[in-house]
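Chemist: Have a look at the structure that comes next, please.
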């Protein structure tokens, strides 16, 4: 009944782009964590005495009993233990990776919670493996989680 | 702010007895300050790529192609004998397909208008924009579209004012409603600067070209 469009070039498209930008700030506890990471290569944690749980990365509020604000003034690590890991062969957009990446949950010594980061320079992966952090040189740190290249096997 | 809070902090929470109020310097009842927002350590900036393409469809697609040729197209419905501008492939009154393409005039009358001293993004304008709804000649009553008026003083605009399209030169048209630069009064004496403009029409038109094109 209608003149159907048979040539894709005949389709009139109105193109546009919606500008959406955002900035995520890591909050009071997150800033304490990233500042210590950048300036002194240390890991800080916060502790809820009521639950006897030490959070690293630190939390402003205890997620078990909602107590807070907790102060991020405890140093943990730098060594830790691999609690779990996963090997990724595809990137975020589904593209195959030349080199697989290993993402691990690392519980730093003295902490009760885990930190997500890469395992680097590690051939045989094992839950329970002791690891230590591999930092960027001090001048290259920007206050990002990537100031840490990842964790490598300790010893 | 404190008085409006119905309960005291921690009321009803068994654990609250021993919990001191948070120090306000640490976690005050205030939003993030601008400097804190900008200088936050560990902040992550990200821009979402939200691009889209909207298919104009059969009726409006043809309408836009018509504008590129310098004609305003409509569709006729033989059920209600109306001419629909902008065109649609279905008649919303008869609930049946429309029947044939027709060309409307590029003249009409002002149905309603507005005088805007700020732009859509709230930038103040020295010379106001005058968006209006056109009742287009050659189509049924109430048919037409929104556009802008030009070459007219805001005080001279009236409902019922007869207007005509000022088209872009053909090589500049791209199949858009903006292929019509604006509408101006058909009566040359009602146009802005009419008394002086008789011998200098080209100058005033080219000056306007930059101001309208820049919006």
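No value in this document is a laboratory result; all are computed from the given coordinates. Please read all numbers here as calculations on a predicted model, not as lab measurements. With ideal geometry, Cβ positions are generated from the backbone for all residues, glycine too; neighbour counts draw on all protein chains shown.
Chemist: Once you have a ≥ b ≥ c as the square roots of the Cα gyration tensor eigenvalues for the stretch A:81-135, tell me rounded if a/c is under 1.5, and otherwise prolate or oblate according to whether a/b is larger than b/c. Working shown, then result.
Modeler: Working: a/c = 2.37, a/b = 1.93, b/c = 1.23.
Here the stretch A:81-135 falls in the prolate category.
Chemist: So what is the relative contact order of chain A, in percent, for Cα pairs below 8 Å that sit 6 or more residues apart?
Modeler: About 19 percent, as a whole number.
Chemist: Counting other beta carbons within 10 Å of each residue's own, what order do B:171, B:105, B:93, B:62 fall into, fewest first?
Modeler: Numbers: B:171 6, B:105 14, B:93 11, B:62 19.
So the residues, fewest neighbours to most, are B:171, B:93, B:105, B:62.
Chemist: Test of understanding: ordering B:101, B:120 by Cβ neighbours within 10 Å, fewest first, what list do you get?
Modeler: Details: B:101 15, B:120 8.
Ordered by Cβ neighbours within 10 Å, fewest first: B:120, B:101.
Chemist: In what sequence do B:44, A:120 fall when counting other Cβ within 10 Å, fewest first?
Modeler: Working: B:44 12, A:120 15.
Arranged by neighbour count, lowest to highest, B:44, A:120 become B:44, A:120.
Chemist: Put a dot 7 Å past each Cα toward the Cβ at residue B:47 and residue A:17; how far apart are the dots in nm?
Modeler: Here the modelled spin labels are 0.6 nm apart.
Chemist: Within the stretch B:82-98, find all residues whose amide N lies under 19 Å from a label point positioned 7 Å from the Cα of residue B:54 along Cα-to-beta-carbon.
Modeler: B:85-90
Chemist: Give the whole-number value, in cubic angstrom per residue, of the convex hull volume spanned by the C-alpha atoms of chain A. Mind dumping the intermediate values first?
Modeler: On the way: hull volume 36.3 nm³, N = 155.
Roughly 234 Å³ of hull volume per residue.
Chemist: Next question, about the same structure. Kindly work out what percent of the DSSP beta bridges joining two residues of the stretch A:24-153 are antiparallel, to the nearest 5.
Modeler: Working: 27 of 28 bridges.
The answer is about 95 percent antiparallel.
Chemist: Round to the nearest 0.05 the FRET efficiency obtained for residue B:89 and residue A:142 when R0 = 56 Å and r is the Cβ-Cβ distance. Before the final figure, lay out each step's value.
Modeler: Values: r = 56 Å, r/R0 = 1.01.
Approximately 0.50, to the nearest 0.05.
Chemist: With the radius of gyration and the Kirkwood radius both derived from the Cα set of the stretch B:57-207, what is their ratio Rg to Rh? Don't skip to the end; give the middle numbers.
Modeler: On the way: Rg = 16.7 Å, Rh = 16.6 Å.
That ratio is 1.01, to two decimals.
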